[in-house]
Amino acid sequence: MSQSLHEVKIDPRNADILISINGTLYPRDKAMVSVFDSGFILGDGVWEGLRLVEGGVPFLYAHVERLYEGAKAIFMDVGISPDELVKRLFACIDANKMQDGVHIRLMVTRGVKATPYQDPRVTISPATIVIIPEYKTPSPEKFERGMTLHTVNVRRGAPDVQDQKLNSHSKLNCITACVQAMNAGADEALMLDPLGFVATCNSTHFFIVRRGEVWTSSGQYCIPGITRGNMIRLCKDNGIPVFEKQFSLYDVYGADEAFVTGTFAGLIPVREIDGRPVRHPLSTEAWKGAGPISKKLSSLYKSLCIREKTRSL
């Protein structure tokens, strides 16, 4: 049976969390935004996923910078400074008395509209800023089990249609890809770029290992992933050859290892792609768990998260 990467046991503590909406804290069952909000009507906004590790957020500056860069790209005024946003983030975390094992969704939309219409000029309020922290950690079983991927026909589009580097609320193409993969019995969708080269997955970034080399896409058709960037950095710092390049499904099917990365789960190995087990093409053995490079990078990344967590800019 396929499983979502975010499929976790419900933590009863989440029933009582406080959610920040425009700087005011609300109990979970009272946390609401207007039906006229740009995010609800149009998916008009940007967002970040963050983790709280031992009281700090790993790579906080990179996440905040990406959020404001995305807002600038769509001519959206966040309305408060990065420092103020960080203060609001930690005010919400502290109010919930959270320290570790927390996933945070930070969302900014263009604000409330006078009428349901796409034109930004009918927006009548400042940006809506929502911060949702939840006790949620990836299951160790997912690392042991590995993920299955299915290549879908939904492409990561060219930037003149919708720039895939935008971490926007408008995720319908990724949702459609996810549904196709789910219907095929896979955990996640593998998506191609307009030329048919491998781009990314519907909610994670994709890597393969071939003959000791780590490959990932050119990055032109996916968001500038922070975990992805740190995996590339760890490879370079630890003498592992790494390449951002165009490659096809032929290269994927012949890979010795494969894994996906994301803020929530870090690194999760892939055991099967389009019905083909991930293993060296000359091997007849079944998948035996994460390969040596995947294991090494996973361990290095966990240590990096602890070293580079912060509470401020």
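FYI, it's all coordinate maths here, none of it is from the lab. Computed from a prediction, not measured in an experiment: that's the story for all the values here. Note: ideal-geometry Cβ built from the backbone for every residue, glycine included; neighbour counts use all protein chains shown.
Things to note:
- With a threshold of 19 Å on the Cα-Cα distance, the over-threshold entries among Lys236/Lys302; Lys142/Lys302; Lys9/Lys97; Lys142/Lys295; Lys136/Lys302 are Lys9/Lys97.
- Amide H contacts for Thr310 (H built 1.01 Å from N in the peptide plane; partners 5 or more residues away or on another chain; cut-off under 5 Å): Val57, Phe59, Leu60.
- As a calculated quantity, the FRET efficiency between Arg311 and Thr284 at R0 = 51 Å, using C-beta atoms, amounts to about 0.50.
- Correct choice for volume of the Cα convex hull per residue in Å³ that was computed from the model, options (i) 115; (ii) 132; (iii) 162: (ii)
- Segment 12-135: C-alpha gyration tensor shape, a/c 1.5 cut-off, then a/b vs b/c: oblate
- Helix 172-183 vs. the chain, principal-axis angle (Cα, 0 to 90°, nearest 10): 50
- Computed from Cα atoms, the angle from the helix 82-95 axis to the main principal axis of the chain rounds to 90 degrees.
- Qualifying lysines (Cα of each under 22 Å from Cα of Lys72; at least 8 residues distant if same chain): Lys87, Lys113, Lys165, Lys171
- Cα long-axis angle, helix 226-237 against the chain (0 to 90 degrees, to the nearest 10): 40
- Our coupling estimate for segment 239-256, obtained by passing each phi through the Karplus curve with A = 6.51, B = -1.76, C = 1.60 and θ = phi - 60°, is x, 9, x, 9, 9, 9, 7, 7, 8, 10, 4, 4, 5, 5, 5, x, 6, 7 Hz, Gly and Pro reported as x.
- Each peptide among 47-58, 88-99, 278-289 gets the average number of other Cβ atoms lying within 10 Å of its residues, and from highest to lowest they stand as 47-58, 88-99, 278-289.
- Packing-based ranking, highest mean first, of 10-17, 149-156, 207-214 given that Cβ atoms within 10 Å are counted: 149-156, 207-214, 10-17
- Evaluating 6.51 cos²θ - 1.76 cosθ + 1.60 at θ = phi - 60° for every residue in segment 204-212, the Karplus couplings come out as 9, 9, 10, 9, 10, 10, 10, 6, x Hz, glycine and proline recorded as x.
- Cα centroid separation, segment 228-274 to segment 169-188 (Å): 20
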